[in-house]
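Colleague: Sharing a structure below in structure tokens format, with a few things to ask.
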Amino acid sequence: MYVYLLLIPAVNWSFAHTPTYVLPIGGAWTPFSIVTGLVLVFRDLAQREVGHYIALPLTIGIAISFAMAPPEIALASALAFAVSEMIDWAIFTFTKRPLSKRILWSCGVSAPFDTAIFLIGANMAVPGIFSWVTLMTSVASKWSGAVVVYYIVRRRERRAAANSKQ
């Protein structure tokens, strides 16, 4: 949970302070978009740890973001997290699937919304940051992280099921 809380302002700070590169196809790209997947993966793990109380570390992380990043980026982050948290809440609350599948579904659905909302808002502080390359890089990063965590959690679930049969 603490890693998730600290990643929120770290990612927001990095989008304000990491250099962007102008793309020949238009817009700009930030290399930090590659590691944004960590936030959603750690959110899913933190949500398992604290359940519906995940809003508390999210709120603290966003509050810290307002101190570390431009207000446009912190606000864009807050809106993006609010939307993706609602999606995650619905998936984690209403599906009765194993945790591994909920993690994969949660990120699969929420990552495009989260990323688009954030980049549109962040574009006000870092003009040109919203580009299709940055959007796709960030979503691919989030999906890649979710797939890795999916396999790790699925292996643990299978091991636990095998041990319970013995």
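Colleague: Enter the angle in degrees (range 0 to 90, nearest 10) between the Cα long axis of helix 132-165 and the first principal axis of the Cα atoms of the chain, meaning the one along which they spread out most.
Modeller: On a 0 to 90 degree scale, this one is about 10.
Colleague: For the stretch 2-165, what log10 I(q)/I(0) values come out of the Debye formula at q = 0.10, 0.12 1/Å, with one point per alpha carbon and no solvent?
Modeller: -0.36, -0.51
Colleague: Taking only Cα atoms, what is the 0 to 90° angle, nearest 10, from helix 2-17's long axis to the longest principal axis of the chain?
Modeller: 20 degrees
Colleague: Which ³J(HN,Hα) values in Hz, rounded to whole numbers, follow from the phi angles of the stretch 99-111 under the Karplus curve 6.51 cos²θ - 1.76 cosθ + 1.60, where θ = phi - 60° and Gly and Pro get x?
Modeller: Taking θ as phi minus 60°, the curve returns 3, 4, 6, 5, 4, 5, 5, 4, 5, x, 8, 7, 4 Hz for the stretch 99-111.
Colleague: Hey, another quick one. For a label point 7 angstrom out from the Cα of H17 toward its Cβ, which stretches of the stretch 30-73 have the backbone nitrogen within less than 20 Å?
Modeller: Residues passing the 20 Å test: 30-39, 60-73.
Colleague: Considering every Cα-Cα pair within the stretch 48-109, what fraction, in whole percent, is farther apart than 15 Å?
Modeller: Numbers: 1034 of 1891 pairs.
Tail of the P(r) past 15 Å holds 55 percent of the pairs.
Colleague: What nm value, rounded to one decimal, do you get for the distance between H52 and K165 when each label is placed 7 Å out toward the C-beta?
Modeller: 3.5 nm
Colleague: Tell me which lysines have Cα within less than 18 Å of K142's Cα, excluding those fewer than 8 residues away on the same chain?
Modeller: Partners found: K101.
Colleague: Once you place label points 7 Å from the Cα toward the Cβ at R156 and I25, how far apart are they in nm?
Modeller: The answer from the label model is 3.7 nm.
Colleague: Taking the Cβ of P112 as the center, what net charge do the other residues with Cβ under 14 Å away carry, scoring Lys and Arg +1 and Asp and Glu -1? Write out the running numbers ahead of the final one.
Modeller: Details: positive: K142; negative: D88, D114.
Spelling it out: positives minus negatives among the neighbours equals -1.
Colleague: Here is a follow-up. Rounded to the nearest 500 deg cm²/dmol, what is the calculated helix-only ellipticity per residue at 222 nm for the chain, with -39500 (n - 2.57) per DSSP H run of length n ≥ 4?
Modeller: On the way: 6 runs with 126 residues, N = 166.
Rounded to the nearest 500, it is -26500 deg cm²/dmol.
Rule-based calculations on the coordinates, nothing more; no lab input. Since we're looking at a predicted model, the values are computed, not measured. Ideal geometry is used to build each Cβ from the backbone, glycine not excepted, and the neighbour counts take in all protein chains shown.
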